[in-house]
Amino acid sequence: MIQLSGAGKRYGHKLLFENADWLITPESRIGLVGANGTGKSTVMKILGGSESLDYGAISRAKGISTGYLPQDGLTMTGRTIFAECMFVFAELHAIEKEMESLTRSMSELDHAGPEYSNVADRYQKLEYEFVARDGYTLEAQVGQVLTGLGFHRDDWTRRTEEFSGGWQMRIALAKLLLQKPNLLLLDEPTNHLDLEARNWLEEYLTSYPYAFVLISHDRYFLDITVKRIVEIWNKQMHFYAGNYDQYLAGKAARKEQLESAYKTQHDRIEQLEVFINRFRYTATKAKQVQSRIKELEKMERIQIPEEEKTVHFSFPQPKPSGRIVAEFANVAKSYGDHKVFEDVNFMIERGERVALVGVNGAGKSTLIKLLAQQEPLTASEYKLGYNVEPDYFAQDQYKELDPEARILEDLGELAPASTQTQLHSLLGCFLFSGDDVFKRIGVLSGGERNRYALLKMLLHPANFLLLDEPTNHLDLRAKDVLLEALMKYTGTVVFVSHDRYFIDNLATRVFKIGDGKVEIYPGNYEEYLWRKQGRAAVAVEIPKPSTISSASSVVPVNGDGAPTADAAEAKGKRLNPIKRQQMEDRLHEIEEEIARAEAAIALCETELQSFVSAEETQRQTQELARQKNDLHNLMKEWEEMSEGLE
């Protein structure tokens, strides 16, 4: 469909890629990956035809259509949302009008005449095309896509200029999906979508009838949608079959093979050079020496490109809080007549990582602000626990930064014990490299300042972090650094994120927000979906009495043959799926508590290795003994619960 041959592109004096050979077929499902600045968006523009190559050639099959969605910058005015989406079917509307005109003509013409026959033939061809292109379902298609992308029916009649930039990009995405080009080019389409809209888009792309290439920093989204990965790395394009997880495994295997080949070649080069140096001036060995010199000259040297270093930074841990961190009791929140929450009750305990999910506008950011005491309650009370220090990261956190400060100097004041190399590496993880680290904060974009504000928070975290979409503006590498830091964090976290992989790996509980309520689910997002779909309520199949043979399974009966009260009660307890689910949930909680206890013990043992004073050593020893006793009790409860479930 599209083929690149020997393709290369420069951006100013910088070479992005060269010698690229790439064939895109009609069935392609491709994820384009690479570090920031390697040229991913430029490749998309080249495929879409808005930019040209500097080297090589690009060839396109006749009649193919492409549709390109940039990261941002698209705005629409002058129509309602529904009319804007219907406008993409202008050609079908023209066919429909012509069909109406032909219908009127046929009603007036002599059915036996040649002119009627010509008109009828034309109508038949148009109707066949109209039906083949689903012309009779256009309004239904628009409604399906708009609903999937999060637009309520009331929004359909609003004018496009009433919507913000993020919603404008959703409208642009809706139009592209409705057009169904032969090659769909999506540059970070999930940037402006909530989780529900992302889930819908995943399903849509899975059944998309044509090819697509997409860029995304959402690892789960890539895993679900693509079947091939193209990586721009070291100014080359590298191709991997499979999704993102398979790409990571393939890249590791390819690197291992390259290193093995490099070592083999390096050993051979050493052997040749030793032989040449030893016998260079020996007449009887002249022929062999020349042969080895030629072998060295012809040898194509294997190069191992420098990898981006994976940064593991030890963020400081906060001081511990009490067991109960935050508690809502019958809380209500309203803005005028609009009720956001009503009669909300929940408790958050130390060490929990709570993900807030729900559609846009459900109240996730409002709940974060209430927890951060940035907004007053309308009714009832909110209690913070003992020694709890909340710290709030807002979507527009950059407004709190000093615009005159320089990045590296400002960060150095926060972490005086860190070396310049450590600070440069950490800033690099959050996409600040080269001369960027010397810039004043005021000249950075909103996204860049938010990234920096997040980094500052991690350097001195409080013990109760409230994070509103911290993964926005982060690439995959920066998300990994943030995820690793929060997984090692010993405090409590409540966060909003639209990144499925991030939530699945971080959350220990999920709060579903909607219709003024907060529904609580144990586990991560995947477990939340599982419970939400009702699978947890599936009853366990009860064996028939005739199949029960073991003595321990015999059910006592009374005189009339019915089970005794004790037996009926025991049977009810054994087979109650709700009770079983409660036990499974508690088992999951115990496993998480065991993990936290083991981490606390490891930390305490590490601290004991550094002598401070005799009193401090005695205190740490007592604390270690207490923690080990807690771990013993947890292990005992885990064993009992496991046996009960079995």
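Each reported figure results from applying straightforward, stated rules to the coordinates on display, with no laboratory input. These numbers come from a predicted model, not from an experiment. A quick note on method: Cβ atoms are made from the backbone with ideal geometry, for glycine too, and the neighbour counts reach across all protein chains shown.
Using a simple spin-label model with points 7 Å from Cα along the Cα→Cβ vector, what separation in nm is obtained for residue 206 and residue 265?
For the pair residue 206/residue 265, the computed spacing is 4.3 nm.
Using Cβ contacts closer than 10 Å as the measure, can you line up 52, 425 from fewest to most?
Final ranking by Cβ density, sparse to dense: 52, 425.
For the range 400-426 and the range 176-248, compute the distance between their C-alpha centroids and round to whole Å.
Using only Cα atoms to place each centre, the spacing works out to 35 Å.
What trypsin sites (Lys or Arg not before Pro) does the range 1-96 have in DSSP loop regions with at most 15 other beta carbons within 10 Å?
Passing both the DSSP loop test and the Cβ count: 62, 79.
Nearest 20 debye, what's the magnitude of the dipole of the chain about its Cα centre given +1 on Lys and Arg Cβ and -1 on Asp and Glu Cβ?
Computed charge dipole of the chain: roughly 2080 debye.
Cut-off is 10 Å between beta-carbons; in what order do 293, 2 appear when sorted fewest neighbours first?
293, 2
Determine the alpha carbon to alpha carbon distance for each of 9/439; 40/294; 251/479 and list only those over 30 Å.
40/294
Mind running the shape call on the range 324-531? Use the C-alpha gyration tensor, a ≥ b ≥ c as the square roots of the eigenvalues: rounded below 1.5 for a/c, prolate if a/b tops b/c, oblate otherwise.
Verdict is prolate for the range 324-531.
For a 31 Å ceiling on Cα separation, which of these pairs sit above it: 319/383; 227/255; 125/227?
125/227
In bins 10 Å wide, starting from 0, what share of all Cα pairs of the range 77-173 does each bin hold, as a percent?
Per 10 Å bin, starting at zero, the Cα-Cα P(r) for the range 77-173 comes out as 15, 35, 22, 16, 10, 2 percent.
What spacing in nm lies between the two simple spin-label points modelled at residue 404 and residue 519, each 7 Å away from Cα in the Cβ direction?
5.2 nm
For the range 223-301, state which GluC sites (Glu not before Pro) are in a DSSP loop and have at most 12 other beta carbons lying within 10 Å of their beta carbon. Numbers along the way, then the final one.
On the way: sites: 231, 256, 259, 270, 273, 295, 297, 300; in loops: 300.
Sites meeting the loop and neighbour criteria: 300.
Would you mind ranking 500, 280 so that the residue whose beta carbon has the fewest other beta carbons within 10 Å leads the list?
Least to most surrounded, the residues fall as 280, 500.
Run through the range 374-457 and list the chymotrypsin sites (Phe, Trp or Tyr not before Pro) located in a DSSP loop whose Cβ has at most 12 other Cβ atoms within 10 Å.
Values: sites: 382, 386, 392, 393, 398, 430, 432, 438, 452; in loops: 386, 430, 432.
In loop regions of the range 374-457 (DSSP not H, G, I, E or B), the sparsely surrounded chymotrypsin sites (Phe, Trp or Tyr not before Pro) are 386.
Based on the alpha carbons, how large is the Rg to Rh ratio for the chain when Rh follows Kirkwood? Provide the component values of the computation, followed by the final result.
On the way: Rg = 32.1 Å, Rh = 30.3 Å.
On the Cα set of the chain, Rg over Rh gives 1.06.
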